[in-house]
1. I need a count of the residues in region 114-127 that are outside any strand (DSSP E or B) and under 15 Å from E66 (Cα atoms).
2. Search region 67-85 for residues that are in the same structural domain as L102 (by TED's automatic domain parsing) and surrounded by 15 or more Cβ atoms within 10 Å (Cβ to Cβ) and pair each with any residue that is in a loop (DSSP other than H, G, I, E, B) and at pLDDT below 90 when their beta-carbon atoms are under 6 Å apart and the residues are at least 6 apart or on different chains.
3. Counting just the residues of region 47-62 that are surrounded by fewer than 16 Cβ atoms within 10 Å (Cβ to Cβ) and polar (S, T, N, Q), which one comes out nearest to V108 (Cα to Cα)?
Amino acid sequence: MNNFFNHKAFKFFSNLLQKIPLYMKITILLVFVVLCQAQAEVYSQTASISLNLKNSTVEEVLSAIEEKSDFYFLYNPKLINADRRVDVEVKDTPIQTILNKLFDNTDVVYSVDNRQIVLSNKNLCKILRKFHSRQHENLPEK
């Protein structure tokens, strides 16, 4: 191991690293972080799974998706009617397509953030948006 640190190439790169200004080091770090984030977003768009569930509850389908992928769901079972019975037969299908079919003609909307999928009720979202906009209307001006 001592030979590694005494090798000419290691000394060269060590000296070079010391000469790089701090702002360049920070820039390299930020580029690396952005690339990692882009990779995470690509996963959510390309992840595909196969499911064959008959007369299963929505909750069982969501659990199966969690088991077969790196996604996890956040939801209130009462707001999304998790006891509703569905049939899901898909092969190598993107998860977003499965969710679109699963919640078609329902009041459920979802948002994907990295590997987290948040399920909510459309009507509740509308109410919260109205409430939020009214709160901002009543703010005093500076």
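The values are calculated or read from the model by the stated rules, or taken from the named source; none is laboratory data. Quantities reported herein were computed from a predicted structural model and do not represent experimental measurements. All Cβ positions, even for glycine, are placed from backbone atoms using ideal geometry, and neighbour counts span all protein chains on display.
1. If we filter region 114-127 for residues that are outside any strand (DSSP E or B), which is where we start, we get 114-115, 122-127.
With the extra rule that they be under 15 Å from E66 (Cα atoms), the set shrinks to 114-115.
So the count comes out to 2.
2. Listed by first residue and then by second, the contacts come to S69/A47; F71/R115.
3. For region 47-62, the residue satisfying everything is N55.
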